[in-house]
1. Which order do you get for 92, 464 if you rank them by accessible area with a 1.4 Å probe, largest at the top?
2. How much solvent-accessible surface does residue 760 expose, in Å² to the nearest 10, with a 1.4 Å probe and all protein chains in place?
3. Under the classification rounded if a/c is under 1.5, otherwise prolate if a/b is larger than b/c and oblate if not, where does segment 642-746 fall, given a ≥ b ≥ c as square roots of the Cα gyration tensor eigenvalues?
4. Mind checking the angle between helix 783-804 and the chain's longest principal axis? C-alpha axes, 0 to 90 degrees, to the nearest 10.
5. Let me have the 222 nm mean residue ellipticity of the chain computed from DSSP H runs of 4+ only, each contributing -39500 (n - 2.57), with the sum over all residues rounded to the nearest 500.
6. Could you check what % of the DSSP bridge pairs in the chain are antiparallel, to the nearest 5?
7. Which of rounded, prolate, oblate describes segment 90-195, given a ≥ b ≥ c as roots of the alpha-carbon gyration tensor eigenvalues and a/c under 1.5 marking rounded, otherwise prolate only if a/b is larger than b/c?
8. Summing +1 for each Lys or Arg and -1 for each Asp or Glu, what net charge is found among the other residues whose Cβ lies under 12 Å from the Cβ of residue 229?
Amino acid sequence: MDALYEPGGVEARWQQAWEEEGHYAADADDPRETYVVSFPPPNVTGELHLGHALQLSLADALVRWKRMQGFNCLFQPGYDHAGISTQSVVEKELDRSGQTRQQLGREAFEQRVWEWLRLYGGTIMSQFRRMGASMDYRRERFTMDDAYVRAVLRHFVHLWRRGWLYRDHRIVNWCPYHESAISDLELDHVDVQDELYYIRYPLADGPGHVTIATVRPATILGDVAVAVHPEDARYSRLVGEEAIVPFVERRVPIVADERVDPEFGTGALKVTPGHDPTDFEIGRAHGLPEPMVVGPDGRMNDDVAEVAGLTQDEAGARVLAWCEERGLLEKREPYRHTIAVCERCASRIEPLISLQWWCRMDELRKPALEVLHSGRVRYHPPSQHRFAIDSLEYAPDWNISRQIWWGHQIPAWYCPDGHVTVAESEPDACAECGSPELERDRDVLDTWFSSALWPFATLGWPEKTPDLERFYPGDFNLTAREIIRLWENRMIFSGLELVGDIPFRDVIIHSTVLAEDGRRMSKSLGTGIDPVEVIDEHGADATRYGLLKMSSQQDSRFSFKAIEEGRRLANKLWNVSRLILQNAEGASAEATPRDLEERWMLARVDRARAQIEEGLARFDFAGVVDSLYHLTFDEFCDWYAEAIKERLYDGDRDARATALAALERLLTLLHPVMPHVTEEIWTQLPDRETRLVVAPWIEPDARFDGDAAALDRVQEAARIFRRSGVQVELESEDERRIFAAVVRPERARVDGNREAEVERLRKEVARAEGMLANERFVENAPDEVVEAEREKLERYRRELAALDG
């Protein structure tokens, strides 16, 4: 072994070896119990970002653990075609050459996308390998490959035959640059400084007016009512009257509706159903007309000739000037608020009524709610399980169509009479009237419509393949909380509807890692961190370790200290392994742990094994790495290795054999988190017959349970000595020998003095006694926290007694 551990070459070499040797391969003919993870497919145009890196660290730790436990593991890789994201990238390429997709035409544009993807797409999978992700890369899938396209079309046809798909004019998030509806996930929300304009709407019959407040004066041209809250006494007398909309001078009713916020502006709301989601709901509830004055390009349309073709700012200026001339502009004031913009092009989102395809949710959601309520599928942590249920119970009908060109084109054809024919392949004639004149719907399907099939379409559905039979349902999925309603819930109800079973049993909702200053990570804000750069500097093992340490149920700040701790741990492990291996010659054929420190170390390893198994089963990854750190750094390296060092140098065959056995178990426990450095050391152990990646997980070993606390007195004596200089009398020769070997009192530096240490311990005892006397703390704190406090109190008391004595 080299004197220094350099992760770069080691990690690349092992990733290649594991793949080539087939250790990541999942086989439908393998009779072992399966463990299946369909990893969230990244965008085909994407690069590894911190969210991917965290997800990979979590998922791969579980997969590697299960693989070592003897499971037939399928860790499914693949890409999403990422409709609007991919189209945006290619359109920007065209912009640089002075072209547009409209100039190319649809067929040529789609061909250009495929060419671009062949050149630049798919790079992220090589970066997944850099992270050490143990995926079965032979099975890589793409949501636009032929078999997957067939699954998507079958999905659409199935829902159509069930009567759950329909077309309707409804309000959507509209991007005027892409001229398409987009999902909530494709929005960014930004704070902007606008002006709030207070404008008088004269009453139609008699004197007086009602004043409304708006930040979008251009949309006044589409007003069809004024609404007030039914309990707002200021306006109760006006309900049922009519007002005059400025500029267009349209008579509109004044209606009462509970959706109105009496605290905003004047409490009177202008109702523009064509350009505001709340107004749209009010309009439908009251049977109001739905005129639209803003077109798909974000400019004013031809319905109001005086402003046709103008931008909204230009049209708004004309409306305000008209109102000011007539004394209807009451006042204006600064107004800071949040707006939605397209995350791809930063265009301000226009709520527009558009003819779209919709999927009814009333029946589709019921089986999914049943499995969530019964716990057959569980979200972790429990708070996210409650959110998943709530978001599904109140999910509106799903807008599944998009007005872009890259994606799965909707399999619907229209005849001249307007009949709709839905089929997986192009029909010869209209299914209703037999007309051969058919035109295909030009829209494509929402990306989430296709990704909802990911857990089973990747296994060959709709065909009943051996893979589908063997690897479905899977075991768990993981993602960030904002994807719950967009993807996770949709996979659940799609799996139940199309395959007849849940796609997975557990869903891990991981935390969001924020920038070091607490802001969200963003390239534009300068707060983004490139995980590839972190891997280049510290190695994949250290990066995985650090990300797992940062993971929790709460959002956490990125910490380079956590990554550096992982690097130090890898170096410490490397160094202690060199110590043992350089002194392994002549080791006994079998380990015979006789001495106290050996029995203690093996007991500690087994205790850590139980903690790690429990932590991984509960998805407590931060707890797992904490256990691994203390086992490796504190117990194995700082106590056990120091205690046996002289015996290793002296050629003690039993000590050498036990050290090798203990190191083997330590490497096994560390491997799911830090696979590369552990495999590199494992190959140096004598008589290795298999790779660590597929070596058996260690079995419980209760032989030395009684020795798990054997060094507690020695460690307490070491703490007392290092802080106060006082040497506590130890009872046995073994204890005194270990104390001398590890602490080396003749050369040790002492940090404090006896009096100061006694005072510190008295304060700690008082603090712990106070906490444990607090009934609220004992009743509400987790059991392990209370127990840890009790253990600390006992330790403080023992150390204080030793000093006072």
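The values are calculated or read from the model by the stated rules, or taken from the named source; none is laboratory data. Since the structure is predicted, the reported quantities are computational estimates derived from the model, not experimental observations. Using ideal geometry, Cβ is built from the backbone for each residue, glycine included, and neighbour counts are taken over all protein chains shown. Accessible surface areas use protein heavy atoms only, side chains included; no ligands, DNA or RNA. Shrake-Rupley method; radii C 1.70, N 1.55, O 1.52, S 1.80 Å.
1. The ranking, largest first, comes out as 464, 92.
2. Counting only protein heavy atoms, residue 760 exposes about 70 Å² to solvent.
3. Prolate.
4. 40
5. The per-residue figure over the chain is -13000 deg cm²/dmol.
6. Counting DSSP beta bridges with both partners in the chain, the antiparallel share is about 70 percent.
7. rounded
8. -4
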